[in-house]
Each structure stands twice: as structure tokens, then as C-alpha cells.
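J.: Structure provided below as C-alpha cells; questions to follow.
The values are calculated or read from the model by the stated rules, or taken from the named source; none is laboratory data. In this text the structure is predicted, and so the values were computed from the model without any measurement. Cβ: placed from backbone, ideal geometry, glycine included. Neighbour counts: every protein chain shown. Side chains are part of the model used for accessible areas, which takes the heavy atoms of the whole protein and leaves out ligands, DNA and RNA. Shrake-Rupley method; radii C 1.70, N 1.55, O 1.52, S 1.80 Å.
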Amino acid sequence: AAILLAKEQGTLFCSDDLVLRTVAQNTWSVPGAWSQTVIMELLRSGHISEVEYHHATMGLVHRNYTFVRVNERDYLWLLREEGMRVTSLFLNAMRVLHGPECTEESAVVVAGAFLRNICLEPELRKTRHVLIDACISALKHGRQPGIVLSKLDAHVQRLMMMNPEGLAEIRQAIALWKREPDLLEERIRIPVRATRNPPSRRR
């Protein structure tokens with residue numbers, strides 16, 4: 001009924017259910033949008049601030065929506081919201097980088113940009129190793145660890161040539177994760193994703 005109403009009114013079909021949006025497009029030629037599409041358009045048009053955008057985007061993540069598009073600025077915002085502390089809320093948000101929902105290339109780019117930024121924050125010097133471990137743990141989830149960590153290593157080398165100290169710390173962590181993944185996984189206590197009732201919507 002909602003699809004037919006959208007067709008009659010000449011409007012977008014708004015749904016967080018990817019299957020329904022696909023049916024609307026393929027069967028009824030009704031274009032669709034989901035929550036993050038709306039949020040992104042509100043930011044682009046100036047109807048919400050960047051802070052409001054980050055808050056709304058991370059709200060989708062915390063509600064276990066899948067295929068949420070995030071970048072390093074979203075993670076930096078959340079880290080500041082958490083008082084620059086590595087909390088369970090922050091660690092749970094790193095799940096967006098898991099494969100196969102997030103492509104390997106996208107995950108490496110976002111993780112690399114985030115790692116570069118945290119290495120420029122003096123106040124994170126004491127907790128930086130935990131953030132590096134959290135990124136690496138998220139990247140290897142659902143992927144071939146050796147391959148994705150080699151890609152991250154190559155990416156940060158290109159990205160952080162002007163920050164040799166931070167680069168050395170990240171590369172040392174990557175090498176350690178390749179050698180002792182089980183031991184290091186114990187240092188990252190990422191909570192198990194809870195299921196929603198109804199189940200989380202998929203893009």
C-alpha cells in the first residue's frame with residue numbers, strides 16, 4: 001500500500017527494508033530511500049548540522065542497522081562524545097568495518113584515515129594502542145587476516161609518511177597481530193551484537 005501511495009503521489013518510497021525498496025523500484029518503478037539517505041540529504045541541504053548528522057548516523061549503528069556508511073569523522077566525533085575514552089559503545093561502533101558487509105577497500109581506507117588522525121592527538125597517547133587494536137580487530141573480522149592487514153600496512157605507509165612515530169607504532173601493532181592474533185584479541189572486548197525485535201533493517 002505504501003509503495004502504491006508513493007507512486008500515486010510521485011514521491012520517494014521511504015523504507016529501511018532493502019527488499020521492499022528493490023520491489024518498489026523493479027516492479028513499480030518507484031525510487032526509494034532509507035534512513036541514512038534522508039540524513040545525508042538533510043546535511044547536504046543544510047537542514048541539520050554536522051554534529052546532528054554524526055549523532056543520527058551513530059544512532060543507526062547503535063541500533064544495529066547494517067550497511068551504515070561511516071567515515072573517520074564519525075568515529076572521531078563518537079570518541080570525543082565518549083570523553084576520548086575507549087568505551088564499549090565506541091568498540092561496538094567499530095563493527096561497521098566488519099566484512100563482508102563492509103568492503104575490504106572501504107574498511108582499510110576508513111581505518112587508515114582514523115588511525116592517522118588519532119596519531120595526531122597528544123591526549124590519546126596513553127590509549128592509542130587500544131584504538132589501533134580495535135581497528136585491526138574490526139578489519140580482520142570476516143576476512144583473510146593476513147591479506148587485509150598487509151593492505152592496511154601498505155595504506156598507512158603511504159598515508160603517514162610525514163608522521164614516522166605514529167606510523168611505526170601502527171606497523172608494530174600490525175606485525176604483532178599477524179603473529180599473536182588470539183592473544184591480542186583478548187585485549188579487545190567488543191560486545192556481541194544483540195538482535196532486535198523486530199530484526200534490524202537492511203539497506
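J.: Mind running the shape call on region 2-84? Use the C-alpha gyration tensor, a ≥ b ≥ c as the square roots of the eigenvalues: rounded below 1.5 for a/c, prolate if a/b tops b/c, oblate otherwise.
T.: prolate
J.: Please give the FRET efficiency for MET162 paired with VAL130, using the beta carbon to beta carbon distance and R0 = 22 Å, rounded to the nearest 0.05.
T.: Efficiency, rounded to the nearest 0.05: 0.40.
J.: Please compute the length gained on full extension between ASP17 and ALA175, using 0.36 nm multiplied by the number of residues separating them and subtracting their Cα-Cα distance.
T.: Residue separation times 0.36 nm, minus the Cα-Cα distance, leaves 52.9 nm.
J.: Shape call for region 4-139 from the C-alpha gyration tensor, a ≥ b ≥ c root eigenvalues: rounded (a/c under 1.5), prolate (a/b greater than b/c) or oblate?
T.: Details: a/c = 3.01, a/b = 2.07, b/c = 1.45.
Since a/c reaches 1.5 and a/b is larger than b/c, the shape of region 4-139 is classed as prolate.
J.: OK, next. By how many nm would the segment from VAL51 to THR103 grow when fully extended, if each residue of separation counts as 0.36 nm and the alpha-carbon distance is taken off? Could the numbers behind the result be given before it?
T.: On the way: separation 52, 0.36 × 52 = 18.72 nm, distance 2.59 nm.
Taking 0.36 nm per residue and subtracting the Cα distance, the gain is 16.1 nm.
J.: When ligands, DNA and RNA are left out and all protein chains stay put, how many square angstrom of accessible area per residue does the chain have with a 1.4 Å probe? List each step's numbers first, then the result.
T.: On the way: 11350 Å² over 203 residues.
Counting only protein heavy atoms, the per-residue value for the chain is 56 Å².
J.: Sorted by mean Cβ packing within 10 Å, highest first, what order do the peptides 55-62, 41-48, 112-119, 142-149 take?
T.: My ranking of the peptides, most packed first, is 112-119, 55-62, 142-149, 41-48.
J.: Considering only DSSP states other than H, G, I, E and B, which GluC sites (Glu not before Pro) in region 69-112 qualify as loop sites with at most 10 other Cβ atoms within 10 Å?
T.: Nothing satisfies the criteria.
J.: Name the aspartates and glutamates eligible as straight-distance cross-link partners of LYS151: C-alpha to C-alpha under 14 Å, and not fewer than 8 places from it in the same chain.
T.: Hits, sequence-local ones excluded: GLU104, GLU105.
J.: What is the percent carbon and sulfur in the accessible area of region 66-135, measuring with a 1.4 Å probe over the protein chains and ignoring ligands?
T.: 53
J.: How much length would be gained if the chain were fully extended between LEU4 and GLN144, taking 0.36 nm per residue of separation minus their Cα-Cα distance, in nm to one decimal?
T.: Difference between extended and current length: 46.0 nm.
J.: Per the Kirkwood treatment, what hydrodynamic radius in Å, one decimal, follows for region 88-160 from the mean inverse distance over all distinct Cα pairs? Before the final figure, lay out each step's value.
T.: On the way: mean 1/r = 0.0811 Å⁻¹.
Roughly 12.3 Å, rounded to one decimal.
J.: Once the other residues with Cβ under 14 Å from the Cβ of GLU123 are scored (Lys, Arg +1; Asp, Glu -1), what is the net sum?
T.: Details: positive: ARG80, ARG85, ARG125, LYS126, ARG128; negative: GLU82, GLU121.
Local charge sum for GLU123: +3.
J.: Set the Förster distance to 30 Å, then compute FRET efficiency between MET84 and THR37 from the Cβ-Cβ distance, nearest 0.05.
T.: The computed FRET efficiency comes out at 0.45.
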